[in-house]
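What follows draws every value from the coordinates through simple rules; no lab data is involved. Predicted model only: the values in this text are computed from it and were never measured. No Cβ is skipped: glycine too gets one built from the backbone with ideal geometry, and neighbour counts run over all protein chains shown.
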Amino acid sequence: MVADFPTAAVVVLALGLGLAFTCFGYSFVTRLTSLVGGLAGALLGSFVAQTLVAPAVGVASPDLLLVSLVGALVGSIAGSRVAYSAQRPAIVALCVLLSSSVVYSLLASPDRPGAIPVSALGSISPVVESALVGGAVGILVWQFYLPFLTVVTSLFGASVLQHLAIHWSSFLPILRSDVWETLGTSYALWLLIVGFGIAVQYRRYRRRRSRGRR
């Protein structure tokens, strides 16, 4: 099937994101975070420069664009650095929140399938239990941040590629759509792609560490 331009753009974007997360996960996430932080900082810096700085220093309308550009430049640099510095704490905090929420939901709903029996945990409050689990998860993620991010991004990238092969098979080139669907539903191939991504990222990580020690 011949795809129109928006559909082809979505397929190419999904394919690029899947490959980027699978093979360049932690570095791609770092660059993407810095880019988003830089864009947000540029918008905020331009807004502050126009609404606060320009009236305070008495800048007239012809020079307002220059002040806005300077504010956007300063804001983009500051936003990129702030986003880069906050990436690791933000991901750790998200892992703590998710793990604590999952454990609390399992403890607070004993009738739910897969719930943890309260009798096996003693008389400790579910809030305390979930907080302890979340804290332990946060410590582990902080300690093994790059390996954790490598595994998670490879899993996410492989899942994107799998979803693309299953649901967009008619727009993919080279092979027939039924072949793409068969490949997309193969969990052995999915695990192979995940393992390949982890191996590629680990090799790049080891190479970067060896260069840093020289």
Where in segment 8-31 is the amide nitrogen less than 18 Å from a point lying 7 Å along the Cα-to-Cβ axis of A86? 29-31
Using a Förster distance of 45 Å, how high is the FRET efficiency between H163 and L73, based on the Cβ-Cβ distance and rounded to 0.05? 0.70
Provide the gained length on full extension for the span V102 to R176, in nm with one decimal, where the gain is 0.36 nm per separating residue minus the Cα-Cα distance. 22.6 nm
Förster radius 41 Å - calculated FRET efficiency between L43 and V128 (Cβ-Cβ, nearest 0.05): 0.45
Determine ³J(HN,Hα), in whole Hz, for all residues of segment 10-15 in sequence, where each value follows from phi through the Karplus function 6.51 cos²θ - 1.76 cosθ + 1.60 and θ = phi - 60°; x replaces Gly and Pro. 5, 4, 5, 5, 5, 5
